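Remarks on the structure that follows.
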Amino acid sequence: MEEKVLFELGSVHRDNMRVKGYYFGSGEHSVCIVGATRGNEIQQVYICSKLISVFEQLEITGKIREGKSIMVIPCVNPHSMNIGKRFWSTDNTDINRMFPGYCLGETTQRIADGVFSNVSDYEYGIQFASFYMQGSFIPHVRMMKTGFEDTELAKDFGLPYVYRRKAKPYDTTTLNYNWQIWGTKAFSIYTNATDSIDDDSASEAVNAVLNFLNKHDIIEYDCHEGYISRLIEGSELVNVKNETAGFFIRRAGVNSRVRKGDILAEITDPYTGRILEEIKSPVNGIVFFHAGQPVIYSNTPLYRIIPTGVPSVPVR
Amino acid sequence: MVQVVASVGLPIDESLMIKKNRLVPENGLSGNEKRISIVTGTHGDELEGQYVCYELQRRIKENYSRLTGIVDVYPALNPLGIDSITRGIPAFDLDMNRLFPGSENGSMPEYIASKIISDLSGSAAVIDIHASNIFLEEIPQVRINELSKETLIPLAKKLNMDYIWVHSAATVLESTLAYSLNVIGTPTLVVEMGVGMRITKKYGDQLVDGIFSLMKELGIWNGEIITPKEPIISEDGEVSFINAGNSGVFVPAVEHWKNVKKGDHIGDILDPLTGEINETIHSETDGIVFTLREYPIVSEGSLIARILS
């Protein structure tokens, strides 16, 4: 393992900020793995730390394939992470909206450039990303429709779902989008947590990456093949929203099978405890996402459900 | 008449409301009147538009009989942000001006964005007032995407601003309020002026004069107006950027909106710990400083100035 400082930023009153990369193997640039780009993506750094420890062992035992190399960047934004802030510590800009970056531009453009210039020539790019809303997902590989995405390849992670959605204008400055445009086959992996550690879902993400690398002859690793992934399109999912605001009392969790009419959650009055609204499933299906806030605004997408068509026995 | 454009229930005994005030001619509406919409407060730390909303209505009310069309004033597109001194949308930490045109079925910010678009749609002109941010001071200017320049430059020239910047198109900017409205045929001008968290009264008065001049052009006002300033109009190629090469405390040596020559001293980046100068900044071109760093602490890459050649 070799540790390298990929980018360093001076600060007038703080320690310098260093973005570090951890290299394994040698030869062609096979896969680059990026953890946190935001300061609250604790789980994403945690997953990288677990991967680095596995890669270190694989390297020692000669199980990284000849001529293949791996690089892991656990954290692009240590300055924000150390003060508990999601976006950039001074101007609140989002580094994951600054790619491919610009070496003569503003601070976060320079950070993005410092990272991108080191990661843009890898064959595969894997990013552990997070959603802007608090909540939980079924672990999945997320892809944007860019014309370059390869959903069949994404199934090699063996996660239950590969989720594909239309790219929006603001997506064009993310790491994932720019990786794709520059020829890297890029995947974002979503797990159950962001600003806390969920060990089970971290292990699932680690296994998914190892599974993928094993299938593509980058490492030699005995592992469970995982799921036969199903591709779902963003437009297939059914949004379930609430009309009233209040406490969000969740009854159905992620991966629950629900029937049309099942109660997914209740919204209760935060002062009197009265039930203001029962949130019912409009379809038979599987819960792909649920919001995570204890108190909820009205008109919030609380659940996203994969419709299954036929009624199924609820599993709670 | 105050109207609610969008409303969302908040969990603990509060409603979030996007409000507008509509002023109509004294004698009522015939149905053929044109409408101008003044919007501001998308970013909660930009306050210059607050004074403009007040002053515009004060002057209209002084000569109400001169109003011949509809004036809609939206002082706070992001009320939670303004109230909590937060640039983005609190609780989501999202830049509201990257969410348009929004979605009726989306989360709270997207839902509100879609309601705002449908309410503004059909205006003869929308003026979207911004105030830079807390880091930079801007001269009164209109910013126009090159894709809309044919329609917008004639309207922008009425606004009595010092400068019109026609900037190149960028995909990421397709999520702004102005782009989303221009693309559906509602002409929208973005005004940038002053600095975040402050009100620069003279800039506000200058813009209000310009809004009356545009209202007259559109047939919404038949009272007295000033002759608008002849603005400088430029495209990207004539704008140069100066970014900090080091971190430290920036102390300017030039004044905002003044001419500089190539090699002139723009300012220094100081190190308060050692008493040394980390960087001395000089202009690389002749021109006018139309953007100048206001917030002193800088990191490598922080924008120090923009100079118009």
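Annotations
- Only helices enter the 222 nm calculation for the protein assembly as shown: every DSSP H run of n ≥ 4 contributes -39,500 (n - 2.57), and dividing by all residues gives -6500 deg cm²/dmol, rounded to 500.
- Highest mobility in the GNM of chain B, judged by mean-square fluctuation with C-alpha springs under 10 Å and restricted to B:Ser180, B:Ser234, B:Ser132, is found for B:Ser234.
- Unit charges at the beta carbon, dipole of the stretch A:237-307: most positive-side option, A:Gly261, A:Leu237, A:Pro294: A:Leu237
- Other residues with beta-carbon under 15 Å from the beta-carbon of B:Ser118 carry, at +1 per Lys or Arg and -1 per Asp or Glu, a net charge of -1.
- Panel values: the stretch A:78-204, Kirkwood radius from alpha carbon pairs, Stokes-Einstein at 10 °C and 1.306 mPa s, translational diffusion coefficient 102 µm²/s.
- Mean separation of Cα contacts under 8 Å, 6 or more apart, over the residue count of chain B: relative contact order %: 17 percent
- Mean Cα-pair separation over length for the stretch A:70-151, i.e. relative contact order, pairs under 8 Å, 6 or more apart, %: 14 percent
- Shape of the stretch B:34-192, Cα gyration tensor, a/c cut at 1.5: rounded
- Under the Debye formula (equal points on every Cα, no solvent term), log10 I(q)/I(0) of chain A at q = 0.09, 0.15 Å⁻¹: -0.49, -1.22
- Relative contact order %, chain A, counting alpha carbon pairs below 8 Å whose residues are six or more apart: 15 percent
- Largest-first ellipsoid semi-axes for the stretch B:237-308, taking √(5λ) over the Cα gyration tensor eigenvalues, angstrom: 21, 11, 10
- The stretch A:17-121: GluC sites (Glu not before Pro) in DSSP loop, at most 11 other beta carbons within 10 Å: A:Glu66
- The ellipsoid equivalent to the alpha-carbon distribution of chain B has semi-axes of 35, 24, 17 angstrom, derived from the gyration tensor eigenvalues as √(5λ) and listed largest first.
- Electrostatic tally near B:Ile139: other residues with Cβ closer than 11 Å to its Cβ, Lys and Arg +1, Asp and Glu -1, net -2.
- Electrostatic dipole magnitude of the stretch A:18-69 [Cβ: Lys, Arg +1; Asp, Glu -1; Cα centre; debye, to 20]: 140 debye
- Charge tally in the Cβ shell below 15 Å around A:Ala205, where Lys, Arg are +1 and Asp, Glu are -1, A:Ala205 excluded: -4
- Cleavage-rule hits, GluC sites (Glu not before Pro), the stretch B:260-301, DSSP coil, Cβ neighbours within 10 Å at most 10: none
- For the stretch A:195-301, the set of GluC sites (Glu not before Pro) satisfying both a DSSP loop assignment and a count of at most 16 other C-beta atoms within 10 Å is given as A:Glu220, A:Glu225, A:Glu243.
- Cα centroid separation - the stretch A:54-113 against the stretch B:260-293, whole Å: 31 Å
Read-outs throughout are calculated quantities, based only on the coordinates presented, and are distinct from any laboratory measurement. Quantities reported herein were computed from a predicted structural model and do not represent experimental measurements. Here Cβ is always computed from backbone atoms with ideal geometry, including for glycine, and neighbour counts include all displayed protein chains.
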